[in-house]
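K.L.:
I have a structure here, written as structure tokens, and I will follow up with some questions on it.
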Amino acid sequence: MKNLFFLLTSSILFSACNPNGNKAVSEKWQTDMKNDSSFQLVKDMATVTIKSGFNAGDGYGEVWIRDYNTFINLATQVHPHEQIKDQLLLFFKLQEPDGNIADGFVKKSSFKNGVSDYYSITNPLAPDYAAHKNTVETDQETSLIQAVYKYVKASQDSAFLSVKVGNSNVRDKMEAALQFLMNERYNKEYGLIWGATTVDWGDVQPEHDWGVHLDENSHIALDIYDNAMFLIALDNYIELVPEKASQWQSIRDRIATNTMKHLWDGKNQKFIPHIYINGSPFSSDFDENQIYYHGGTAIAIEANLLTKEQIKTSLDKMVENVKESGAATIGLTIYPTYPAGSFKNKGMYPYGYQNGGDWTWFGGRMIQQLVKNGFEKEAYEQMKPMLDRVIKNKGFYEWYTKDNKPEGSGTFRGEAGVLFDAISLLEKSQS
């Protein structure tokens, strides 16, 4: 009885002296983080990388809008704003009559005889440049709008929206990009944006050796990534051009509602990979819904689609997937992977490229969302292995194998940009 009384008394006293319960543990991770030299080292490395150019990485000659969108915050800090604006304006100058936006552009001087079958998009407004588009994807328009938003917010240069582009201006060209998606990529049955069947956020379909262009063999589908990117772009556009809210807010609300209605699997607390409009390209005995999409889930959180409880559940699933797969970080694109032979593109083998490769380019965006939603400790824990491998490999790489070896393009600016932003957010949250 005396021992029980002593234990109860001690417990009460301990609770009174430690009202926060796990405060000591919290203080330790915060102290560790403040003393973590990798933060400044990786930020310095990222700054040098972004200063060196605008193309996606060593393996890419062009400036890609889906990449530029993820390092434009840092680019705005280290490059003259006129140069940033020139890059953004080139995408609008190369915008096609229906409003669609190219993936990336290069100088024509890089071609033999100044022409290229692949870089087939040209415009008199940009006579020295040509562009291409991977039409299986539906994130080019939304990426550009998000990039403009980030530039304007970082620079406070709202006058950029009124800059003339031919007979139009940036503000109206942005709306034309949104309208293209509603005109050409909107499925009325489900009230969602469509694209070809790809893996999570990727741009490789299974029906072709390369797999980046829509044709009669493509399988049209609805997925979380395309629709979440559209929602973010709509939020950004409405904030930049509030006079258009009456037209676009109802569309935004409808897309958000339909996304959760049709793509969220409440029972399994995850997004289903695809809703197919004209059949699946995969074997009928393959249960695709066993696959968890890491990247699309991170973008869905950025689009404010999930509750805090759902975010924590999503993180727990990602961490479990990393453990079960043997991968290094939550940048793991998907888990489990699509079976061998599912894609004609030989690079899409299990745990290869977008079929389960580990991409900090998206894992870093999940870190950002963890910080923004109050999961700072978890953000620090999950970001550490991402920082460690950048330091170990002396640079930023496009993706990593399951055993954490760097692959793809070196000097990958998307990775540099998302890590710089993630570190900055985490530092700010503790200041």
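The values are calculated or read from the model by the stated rules, or taken from the named source; none is laboratory data. Not measured: the values here are computed from a predicted model. Note that we place each Cβ from the backbone using ideal geometry, even for glycine, and neighbour counts take in every protein chain shown. In case anyone asks, the SASA skips ligands and DNA or RNA and just uses the protein heavy atoms, side chains included. Shrake-Rupley method; radii C 1.70, N 1.55, O 1.52, S 1.80 Å.
K.L.:
Would you pick out the residues in region 402-419 that are in contact (Cβ under 8 Å) with a residue 12 or more places away in the chain, within 15 Å of Gly357 (Cβ to Cβ) and open to solvent by 20 Å² or more (accessible area, probe 1.4 Å)?
P.N.:
Residues satisfying the conditions are Lys402, Asp403, Asn404, Pro406, Glu407, Gly408.
K.L.:
Looking for something touching a Lys or Arg at 6+ places or on another chain (Cβ under 9 Å) and either in a helix (DSSP H, G or I) or among the β-branched types (Val, Ile, Thr) (or both) - is there at least one such residue anywhere in region 324-333?
P.N.:
yes
K.L.:
So, one more: Among the listed residues Tyr118, Tyr129, identify the single one that is open to solvent by 30 Å² or more (accessible area, probe 1.4 Å), on the phi < 0 side of the Ramachandran plot and touching a residue at least 24 places away in the same chain (Cβ under 8 Å).
P.N.:
Among Tyr118, Tyr129, only Tyr129 is open to solvent by 30 Å² or more (accessible area, probe 1.4 Å), on the phi < 0 side of the Ramachandran plot and touching a residue at least 24 places away in the same chain (Cβ under 8 Å).
K.L.:
Restricting attention to region 319-328, which residues are buried (at least 20 other Cβ atoms within 10 Å of the Cβ) and without any contact (Cβ under 8 Å) to a residue 60 or more places away in the chain?
P.N.:
Val322
K.L.:
Based on this model, can you work out whether Tyr60 counts as surrounded by 12 or more Cβ atoms within 10 Å (Cβ to Cβ), under 22 Å from the mean Cα position of the chain (by Cα) and at pLDDT below 95?
P.N.:
Yes.
K.L.:
Kindly indicate which of Glu288, Glu302 is out of contact with any Asp or Glu (no Cβ under 6 Å at 6 or more places or on another chain), at pLDDT 95 or above, crowded, with 18+ Cβ neighbours inside 10 Å and not aromatic (Phe, Trp, Tyr).
P.N.:
Glu302
Conditions (1) of a type in the set (Ser, Thr, Tyr); (2) farther than 29 Å from Arg171 by Cβ; (3) part of a helix (DSSP H, G or I), marked per residue:
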| residue | (1), (2), (3) |
| --- | --- |
| His213 | no, yes, no |
| Tyr225 | yes, no, yes |
| Leu234 | no, no, yes |
| Glu243 | no, no, yes |
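K.L.:
Identify all residues within region 187-198 that are surrounded by 17 or more Cβ atoms within 10 Å (Cβ to Cβ) and either in contact with a Phe, Trp or Tyr (Cβ under 9 Å, 6 or more places away or on another chain) or assigned to a loop (DSSP other than H, G, I, E, B) (or both); write none if there are none.
P.N.:
Across region 187-198, the qualifying residues are Tyr190, Gly191, Leu192, Ile193, Trp194, Gly195, Thr197, Thr198.
K.L.:
Still on this structure: Regarding Asp403, is this residue out of contact with any Asp or Glu (no Cβ under 8 Å at 6 or more places or on another chain), among the acidic types (Asp, Glu) and not in a helix (DSSP H, G or I)?
P.N.:
Answer is yes for this residue.
K.L.:
What is the number of the single condition among (1) open to solvent by 30 Å² or more (accessible area, probe 1.4 Å); (2) within 22 Å of Gly61 (Cα to Cα) that Ala147 does not meet?
P.N.:
In the conditions (1) open to solvent by 30 Å² or more (accessible area, probe 1.4 Å); (2) within 22 Å of Gly61 (Cα to Cα), Ala147 misses (1) alone.
K.L.:
For a quick check of your reading of the model, give me the residue pairs whose first member lies in region 153-172 and is more than 19 Å from Thr142 (Cα to Cα), whose second is assigned to a loop (DSSP other than H, G, I, E, B) and open to solvent by 70 Å² or more (accessible area, probe 1.4 Å), with beta-carbon atoms closer than 7 Å and at least 6 apart or on different chains.
P.N.:
As it stands, the answer is Gly166/Leu125, since those pairs meet every condition given.
K.L.:
Please identify the pairs in which a residue from region 270-281 that is basic (Lys, Arg) has its Cβ atom under 8 Å from the Cβ atom of a residue that is surrounded by 19 or more Cβ atoms within 10 Å (Cβ to Cβ), counting only partners at least 6 apart or on another chain.
P.N.:
Lys270/Tyr292; Lys270/Tyr293; Lys270/Thr297; Lys270/Ser314
K.L.:
Now a separate question. Out of all the residues in region 336-354, which are open to solvent by 40 Å² or more (accessible area, probe 1.4 Å) and in contact (Cβ under 8 Å) with a residue 24 or more places away in the chain?
P.N.:
Pro339, Lys344, Lys346, Tyr351, Tyr353 - these are the residues of region 336-354 that are open to solvent by 40 Å² or more (accessible area, probe 1.4 Å) and in contact (Cβ under 8 Å) with a residue 24 or more places away in the chain.
K.L.:
Next up: Quickly run through region 260-294 and pick out the residues that are part of a helix (DSSP H, G or I) and over 14 Å from Gly195 (Cβ atoms).
P.N.:
Matches in region 260-294: Met260, Lys261, His262, Glu288, Asn289, Gln290, His294.
K.L.:
Residues being open to solvent by 10 Å² or more (accessible area, probe 1.4 Å) and hydrophobic (A, V, I, L, M, F, W, C): count how many of those fall in region 233-249.
P.N.:
3
K.L.:
Can you tell me which of Asp32, Asp67, Asp98 is at pLDDT below 95 and charged (D, E, K, R)?
P.N.:
Asp32
K.L.:
A follow-up question, please. For region 363-383, which residues satisfy the criterion of being closer than 11 Å to Ile423 by Cβ and not small (Gly, Ala, Ser)?
P.N.:
Within region 363-383, Ile367, Gln368, Val371, Tyr380, Met383 meet the criteria.
K.L.:
Further question: So, Ile255, is that one over 16 Å from the mean Cα position of the chain (by Cα), buried (at least 20 other Cβ atoms within 10 Å of the Cβ) and closer than 23 Å to Thr198 by Cα or not?
P.N.:
When the stated conditions are applied, Ile255 passes them.
K.L.:
Which residue, of Asn113, Asn73, Asn69, Asn55, is open to solvent by 60 Å² or more (accessible area, probe 1.4 Å) and either under 22 Å from Pro406 (Cβ atoms) or outside any loop (DSSP other than H, G, I, E, B) (or both)?
P.N.:
That would be Asn113, the only listed residue that is open to solvent by 60 Å² or more (accessible area, probe 1.4 Å) and either under 22 Å from Pro406 (Cβ atoms) or outside any loop (DSSP other than H, G, I, E, B) (or both).
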